[in-house]
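Only one structure is covered here, and it is reproduced in the block below.
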Amino acid sequence: MKNVNTEFLSRLKSRDDDAWFELWEVFGPALERMVERFARRCFSPDTVRDVSQETLLRLAKEIHRFDPERGTRFSTWLFQIAHHVVCGEFTYRNAKKRGEGVRPGALDPVNEPIGPSTAPSDDYEWSVFRAKVYRGMRLAGQRLDFLPFEVYKARILRGMKSKDIAVAMGISEPTVSRYMKKVRSTVRETIGEVVRSYSFTEDEENEVARAQLDRRDELFDDALADIYAREEESRQGYDTISRAVMTFRGGAR
Amino acid sequence: MRVFALPIFFLGFWEVMAIIGIAILVSYSLKRGRRHEQEQRYRRLPRPRPPVPAAPPPPVNIVGLTLALMVFPVVLAAWAIASIGDIFAVPAHLFVGTLTGTISLFITLIGGSPRKLWKSSGVQFVLAWKSLRSMIVRLFAMFGMGGLVRGKPKPPPIPASRHASPRPVPGHRTYPFEDRYRIESLLGAGGSTARLFVVRRVDGARPVGDRMVLKYFDMGMGSRLEEVIRESRGMQVAKDMGIVLDHHLDRNHFYYVMPYYEGETLTRASARLHRHLKADEGLSADSIRTCLAWMSELLRTLDGYHRQGVIHKDVKPDNLIVTEQGVRLVDLGLLTPLASALTLTTHGTEFFRDPEMVKLAVQGKRVRDVEAVRFDIYSAGAVMYLLLDGSFPACGPLSRISRPGPMALSWITSRAMAEGEKRYPSVAAMRADLEAVIAKAAESGYDAIPVSALPSFSGFDAAAEAAPPPPPVILRPEPKMAPPERLVPISGRPHRSNSTGSAVAVVIGVLLMIFVAAGAVFLLLASGGVERPLSEGAPRITRDGLFSAPPSPGMVEARPNPDPPPAITPAHIVGSIRNWRAKLADDLLPSTSVGDLERVPVLLVSDGTSGADEIIGATKVVLQKSGILYHPSTTLAANVRTVLEPGIGAEAVRDFLLSKMAGDTLPFVIWIRHVDDQPRHGRCGYQVVCFYGPYRHSIFFSPPTVGRER
C-alpha cells in the first residue's frame, strides 16, 4: 500500500482546533446531505445540523481508533458513524413517543461491520470528493489576486467568452489568457494539495484522475466546471428545506 | 333627500322600518363578531398558565330546584328578561351568518376567493351558538341545575373596552410592560427565547402614537441570562442611534422597544422580482435599479452602525423590511460593540454569515481583536447575491451569480464575499462602487459599465477619499412612522386586479350601503355620541420621558455625605474587603467563618477607565503583600465588566460567574468604577462595589490625591 499523507489525521488526533474546523468545512456539507437523506426528510434542518455535529463529536471520541493502514476510507468511516447517530436519533424519538424518554446506549461504530444497508453509495463518495475540489478552489481563491481569480470564475463558472470578459473587465484579451493560465495552474496545485491532505487511501487519491482533473487546460476547466455545477446543485438542493423554513419564518414577521 | 325618500314611497313605512331593524341587527352582529375575533387574538397571546380554579359547585342544587319549581312562571319570566339580549342575538347572528355565507358561496361560484367573508360567516354562527348556549345554561342555572350544562370554568371575562384593544384583566398575569405599552399583536419568534410584540404606548387608558415592536425576555419563561447580556450589550448605542426607543432591565425581565415598520421582507420582495424569470433570464433594468436602491440604503445604514462602533451581525433578507420609505434593518438581537471584550460567537444565519467569522469564533477570538465590520460586509454581499440571483449563496465565497447580468455588479458581490484581504475594507468602499454603478448606469446602461471603471478596481484608498461621506444615521426616529397601508410596487409593475371580483365587490357594496348607513346611526347611538377627547389633566408620557433611561437597578447610589469621603487608595480598598468579609461572616453568612472567606479569591474588575486600571494595578501589589488571594484572570475580569456595565444586579453577576466557572470557587468581585456626578449629586470620585453571591456593598471614595499611596 502506498504511504499516504497522515498529517491531517495527526492534527485531528492532537486536537488541533483548526484541523477540526477544516474537517467540518470540507466534510460538513456532504455529511449534512447524507444525514438528510438518511432521515428521509423526517428531520428538520436544525436537527440535521445537530445530528451532523453529533457525528463529528462521536468522531472526535473515536478518532484515535482510525487506522488508514487497514484500507478503510475516512469518508466511509464517517459515513458509518453518521448512520449510527441517525439510527440512535430515531431510536431516541421512538422511545420518547413511548414515554420512556431515554437516550439509547452509546454505539461503537468501529467494531460493527459494514453491511449492505450501511454501505455508502457512490453518490456519497462522489459528494465527498466534490467537497474536496470545492475546498481546493477556495484555497486557490485565497492565494491568488482577486482580479485573476474573478476572470477565471467568469470564464469557467459563468461560461463567459474571453472576449466578453475582456470588455466587461476593461482589460485586454491577452491579459485574460495570461490570467487563465496562471489561475488554472494554481487551482490544479491546490486541488492536488487538498486531495492529498484529506485522503488516506490510494483509491481516494486516484479520484482526481477518475474525475478527469489530471487533464490539460480546457479539459481540466470543463471537468472543474462540471464538478462545481454539481456541487452547487447539490448544495442548493439540500438548501431547499432550509429555504422553505426560512421563508416561512420570514413570512411570519 | 329625495333619494332617501324613495324607499318610503315604494316600500311603505313598515317595510322601511323592517329594513332599518335588520340593518341594526346586522351592524350589531358584525360589531360583536369583530370583538369576538379581537378577544380570540388576545387569548392566543402566550401567558403563563392561570391558577387552578376552585372546585365547581354540585351539578344539581336540590333546594334551588324545589324553590324554582314552586314559582315556575316567575322564574321563567325572569329568565326571559335576563336573556332578552340573547333572544334577539340568536336570530340576528343566524341571519347575518346565512347572508354572508350565501354571498361567499356566490362569490366562490363565480371564481372569487372571499376568505374573510367565509370567516365572518363562521364567526356569526359561532356567536349564535354561544348565545343559544348561554340561554340554556342560564335556564338550567335558574332551576339549580347549572352544573349539568356548565362546561369547564372559563377564564375571567375580558371587558370590552370602547377603545379597541383588549386589556388584561385583574387576576390574569400581565406582562411588566403593560402599564406603559398596550399589546396589539404577537410577532413570529426569532432564534432567541424572547417574545416579540407589536405594541403602542398607553396614555391613561388608551393607546397613543405609532406602533412599535417590543422584544421581551422573561427569566421565568425560559429566557437565559446569556441572551440578556448579549442583547443588552449595544443598547446604549442603539438608543443613541434611535433604533431603540426604550428599554427596561430588572432582575427577571428585560425588554426593549424599537420602531415598527410595515412592509414585506426582502426575501419576499426579491422572490417577487424573480418570480416570472426563466432560469437563464436576467433581471430587467428597472429591477436592477430597484435592487441597487435597496442595497444602497442597506449600506448607508450599515455604515451608520459601524461609525457608531457596533456591528449588526445578522444582516439577512428576513431582517430587512421594504417599506414605502425604503429598506429598514431590524432585529438587534446580535448587535455587538466593536470594542467588546467578549469572545466572538457563531450566532448568525447560515448562507449570510461569514465563514471566516465562524472560524475565528471557533478559535476563541475576541470581538475587539478582529475586524468585525467585515462580517457585515460579507452579509451585505450575500444579500446582494440574493437580489441579483434569486437564490441563496450556497457555495459561500465561491458562489457565482448564475443569471446573466452586469459584470460590475457580480464583481461587487464577489468582492464583498471574498476571503482575506480581498474583501472590501469597509462598507463605505463597497458603497462607493455601488454608487459608481448607479451613476454610470444613468449614462450608458448597466451592461456597458466595465469593472475597471469601479473605484475599487484601481485601489481603495483613492476611492474612499473621493467618495462623498455618507449621511449620518438618523439619531431619532422620524416623527411620522405611521405604517403605510400599501406596499411598494416593485419595478413599477401595477398590481394585478381581478375584474370579476371588483364587479362583485361593487354590487355587494351597493347592497350593503343601506345597512351600513343604518348601522352607523345605531353605533353612534349605542356608543353615547362622539368620542370624548382626553382630559387635560390626563397623564402623558413625553418624548423625553420615553427616551430617558431607567435607573440601573443593580447599583446602589450613595447619598451625598456632608463629610468628604476619603481618597481612594489600595489600602482603603483592602480595608474595605476585610470589613466586608467580617460583615458577611457576622451578619449575612452566619454559618461561614472569616477564615473560610479568606480562602475566597478576590477578582478586581475595572470599569475600563485608565484611573481605575491604575488603582487596580496598585491594589494587586498590596493584596499580594497582605497575603490576600486574588483571581489572576484578566479575561474573567473583562467578561464580568461587560455584565456589570448594563447595570445588572448581584444575583445576575453570580449567575454569570457560575456559568463561567463551573466547579471553581466563586470569587469576591470588587468593581471599581469612576463616577462623575458633579452636576446632580455634587460628587466625583470612585465607587467600589463588592459583590459576593447575592450580596452587594458599595463604598464611595474621592479621587486619589497627588501623592498616591502605594
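Yes or no: segment B:290-311 includes at least one residue that is under 17 Å from the mean Cα position of the chain (by Cα), open to solvent by less than 10 Å² (accessible area, probe 1.4 Å) and farther than 23 Å from B:A436 by Cβ.
No; the residues of segment B:290-311 include none that is under 17 Å from the mean Cα position of the chain (by Cα), open to solvent by less than 10 Å² (accessible area, probe 1.4 Å) and farther than 23 Å from B:A436 by Cβ.
Under the condition of being surrounded by 23 or more Cβ atoms within 10 Å (Cβ to Cβ) and assigned to a loop (DSSP other than H, G, I, E, B), which residue from segment B:402-417 is farthest from the other protein chains (Cβ to nearest Cβ)?
Here the residue is B:M417.
Inspect segment A:121-129 for any residue being at pLDDT 75 or above, touching an Asp or Glu at 6+ places or on another chain (Cβ under 6 Å) and within 30 Å of B:K422 (Cβ to Cβ) and give the result as yes or no.
The answer is yes; a qualifying residue exists.
Assuming B:M384 fulfils every condition listed in (1) within 14 Å of chain A (Cβ to nearest Cβ); (2) open to solvent by less than 10 Å² (accessible area, probe 1.4 Å); (3) under 30 Å from the mean Cα position of the chain (by Cα) apart from one, which condition is it?
Unmet for B:M384, out of (1) within 14 Å of chain A (Cβ to nearest Cβ); (2) open to solvent by less than 10 Å² (accessible area, probe 1.4 Å); (3) under 30 Å from the mean Cα position of the chain (by Cα): (1).
Is there a residue being open to solvent by less than 10 Å² (accessible area, probe 1.4 Å), facing another protein chain (nearest Cβ under 10 Å) and β-branched (V, I, T) anywhere in segment A:131-150?
Looking for residues that are open to solvent by less than 10 Å² (accessible area, probe 1.4 Å), facing another protein chain (nearest Cβ under 10 Å) and β-branched (V, I, T), one finds none in segment A:131-150, hence no.
Among the residues of segment B:298-320, write down those that are under 21 Å from B:S391 (Cα atoms), of a type in the set (D, E, K, R) and more than 14 Å from every other protein chain (Cβ to nearest Cβ).
The one that is under 21 Å from B:S391 (Cα atoms), of a type in the set (D, E, K, R) and more than 14 Å from every other protein chain (Cβ to nearest Cβ): B:K313.
How about segment B:350-373: which of its residues are open to solvent by less than 20 Å² (accessible area, probe 1.4 Å) and out of contact with any strand residue (DSSP E or B) (no Cβ under 7 Å at 6 or more places or on another chain)?
Across segment B:350-373, the qualifying residues are B:F352, B:D354, B:M357, B:A361.
Which one of these is within 11 Å of chain A (Cβ to nearest Cβ) and either part of a helix (DSSP H, G or I) or without any contact (Cβ under 8 Å) to a residue 40 or more places away in the chain (or both): B:S391, B:S379?
B:S391
Which one is farthest from the chain's Cα centre (by Cα) among residues in segment A:166-179 that are surrounded by 21 or more Cβ atoms within 10 Å (Cβ to Cβ) and more than 8 Å from chain B (Cβ to nearest Cβ)?
Top of the filtered list is A:V176.
Can you tell me how many residues within segment A:11-28 are open to solvent by 30 Å² or more (accessible area, probe 1.4 Å) and either under 8 Å from the mean Cα position of the chain (by Cα) or on the phi > 0 side of the Ramachandran plot (or both)?
The qualifying residues number 2.
Would you confirm whether or not segment B:332-348 contains a residue that is of a type in the set (A, V, I, L, M), within 14 Å of chain A (Cβ to nearest Cβ) and surrounded by fewer than 19 Cβ atoms within 10 Å (Cβ to Cβ)?
no
Could you tell me whether any residue of segment A:30-47 is under 23 Å from A:G192 (Cβ atoms), at pLDDT 80 or above and assigned to a helix (DSSP H, G or I)?
Yes: segment A:30-47 contains one or more residues that are under 23 Å from A:G192 (Cβ atoms), at pLDDT 80 or above and assigned to a helix (DSSP H, G or I).
The values are calculated or read from the model by the stated rules, or taken from the named source; none is laboratory data. Values in this document were obtained by computation on a predicted structure and should not be read as measured data. Cβ atoms come from the backbone with ideal geometry, glycine included; neighbour counts cover every protein chain shown. Only protein heavy atoms, including side chains, enter the accessible area calculation; ligands, DNA and RNA are left aside. Shrake-Rupley method; radii C 1.70, N 1.55, O 1.52, S 1.80 Å.
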